[in-house]
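Working notes, structure below.
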Amino acid sequence: MENSHEALRLILDSITEHIVVIDDMGTIQYANKSWSDFGSNNACSVGGNWRGINYIDECDKAAAMGDDFGEKARNGILSVINKEMPAFYFEYPCHSPDEKRWFMMRVTSLQMSCQDYFVISHQNITERKLAEEEVRNLARLDGLTDIPNRRAFDEFLYNEWRRCLRLKQPISLAIVDLDHFKLLNDIYGHQSGDECLIKIGALLKEFTSRPGDICARYGGEEFALVWGGTSLEQAETLSNRLLEEIHALNINNSDSPINKYLTASVGLAEMVPHLGCNEGELISKADSMLYKAKDQGRNRVEY
């Protein structure tokens, strides 16, 4: 501990929180190892060397790409720099393609050598948020099929659209309609219809294994799947496989003019989010393709 500066550096580098110190212009004067490592491991354009980078400018860049975090972070940092608030913090999602993650950002001030500096930290709060999400999800699950309901779908698509906007990745949406489901209900009864919907819900779960994916009961006999970071070609392959798997369930629908077993129609759409458009356009596009699939005879994918 004789070399206090070296000891302090080692201590800060051992902390799992991501920490930087900025001056009153927003320029980073220090970044600990966790901050630099996170930048290097998450395809950040800055990489590992943050000293001299203006963090407020980086927040502005994120905000310009439609990232709500960027604008909130910028405004919060400036409120502390301008002494409008003694400190600032907020929680935000920062999901990767492979896992869900949440962080808490804190901004506090300090004085050193008669000059104002500001400490910014990002603490990983994923474990707590996952527990909270599990509780919330109980209210967002469809009571029959045990998959997300329409409300959960809308919230997920809103957030996934913005993630793909930030990363300049495509997002695909498939709207699935069970062909002549009313005939199935009329012939076999509503209990059989419910059992059919439960089987479809269980099957759809197999097609959404990543944090950027979701399946949901869209309404009645309609379902929806979102595949984040997925091209139209990849989504088409998944959609066609889904139709094959639905047919392989061998759910009787003897009065259907298409097939004596249950079939489905899929409207598929893909977009790379950009400023000036929103997820509603993706939904409209997939809806339009679903109507086309029905007009073309059903039991098919249209895109």
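The values are calculated or read from the model by the stated rules, or taken from the named source; none is laboratory data. All of these numbers come straight from a predicted model, not from anything done at the bench. With ideal geometry, Cβ positions are generated from the backbone for all residues, glycine too; neighbour counts draw on all protein chains shown.
Looking only at region 244-254, count how many residues are touching a residue at least 12 places away in the same chain (Cβ under 8 Å), surrounded by fewer than 19 Cβ atoms within 10 Å (Cβ to Cβ) and in a helix (DSSP H, G or I).
Total meeting the criteria: 2.
Filter region 267-298 down to the residues that are touching a strand residue (DSSP E or B) at 6+ places or on another chain (Cβ under 8 Å) and of a type in the set (Ser, Thr, Tyr), then identify the one that is farthest from ALA235 (Cα to Cα).
So the residue we want is TYR291.
Given the criteria out of contact with any Phe, Trp or Tyr (no Cβ under 8 Å at 6 or more places or on another chain), under 29 Å from THR16 (Cα atoms) and surrounded by 12 or more Cβ atoms within 10 Å (Cβ to Cβ), does TYR89 qualify?
yes
Which of the residues belonging to region 71-92 are assigned to a strand (DSSP E or B) and of a type in the set (Gly, Ala, Ser)?
ALA87, the sole residue that qualifies.
Considering ASP60, ASP67, which residue is surrounded by fewer than 17 Cβ atoms within 10 Å (Cβ to Cβ) and either closer than 16 Å to MET25 by Cα or touching a residue at least 24 places away in the same chain (Cβ under 8 Å) (or both)?
ASP60
For residues that are more than 15 Å from SER265 (Cα to Cα) and out of contact with any Cys (no Cβ under 7 Å at 6 or more places or on another chain), scanning just region 220-239, find the one that is surrounded by the fewest Cβ atoms within 10 Å (Cβ to Cβ).
It comes out as GLU233.
Among the residues of region 134-151, write down those that are touching a residue at least 24 places away in the same chain (Cβ under 8 Å) and out of contact with any Pro (no Cβ under 9 Å at 6 or more places or on another chain).
LEU144, THR145, ASP146, ILE147, PRO148, ASN149, ARG150
Just checking, does region 256-266 include any residue being outside the structural domain of SER96 (by TED's automatic domain parsing), in contact with a Ser or Thr (Cβ under 9 Å, 6 or more places away or on another chain) and under 22 Å from GLU160 (Cα atoms)?
yes
Would you be able to say whether some residue in region 152-171 is over 22 Å from TYR92 (Cα atoms), without any contact (Cβ under 8 Å) to a residue 60 or more places away in the chain and surrounded by fewer than 20 Cβ atoms within 10 Å (Cβ to Cβ)?
No, region 152-171 contains no residue that is over 22 Å from TYR92 (Cα atoms), without any contact (Cβ under 8 Å) to a residue 60 or more places away in the chain and surrounded by fewer than 20 Cβ atoms within 10 Å (Cβ to Cβ).
Could you list all residues from region 93-131 that are among the hydroxyl-bearing types (Ser, Thr, Tyr) and not in a loop (DSSP other than H, G, I, E, B)?
THR108, SER109, TYR117, SER121, THR126
Just to be sure, is ASP146 among the charged types (D, E, K, R) and modelled with pLDDT of 95 or more?
No: the conditions fail for ASP146.
Would you mind finding the one in LEU157, LEU167 that is at pLDDT below 95 and either of a type in the set (A, V, I, L, M) or under 15 Å from the mean Cα position of the chain (by Cα) (or both)?
Only one candidate qualifies: LEU167.
Under the condition of being surrounded by 13 or more Cβ atoms within 10 Å (Cβ to Cβ) and among the acidic types (Asp, Glu), which residue from region 282-303 is farthest from ARG163 (Cα to Cα)?
Checking each candidate, the answer is GLU302.
What number of residues within region 188-233 satisfy the criterion of being without any contact (Cβ under 8 Å) to a residue 40 or more places away in the chain and at positive phi?
2
Condition first: more than 17 Å from the chain's Cα centre (by Cα) and of a type in the set (A, V, I, L, M, F, W, C). Now tell me which residues in region 47-62 satisfy that.
TRP50, ILE53, ILE56, CYS59
Within region 133-157, work out how many residues are out of contact with any helix residue (DSSP H, G or I) (no Cβ under 8 Å at 6 or more places or on another chain), among the acidic types (Asp, Glu) and more than 30 Å from ILE56 (Cβ to Cβ).
The qualifying residues number 3.
Does ARG51 satisfy the criteria of being surrounded by 16 or more Cβ atoms within 10 Å (Cβ to Cβ) and either in contact with a Lys or Arg (Cβ under 7 Å, 6 or more places away or on another chain) or not aliphatic (A, V, I, L, M) (or both)?
Here the answer is no, as ARG51 does not meet what is asked.
Any chance you could count how many residues in region 174-220 are within 31 Å of the chain's Cα centre (by Cα), over 21 Å from GLU244 (Cβ atoms) and part of a helix (DSSP H, G or I)?
Going through region 174-220 one residue at a time, the tally reaches 1.
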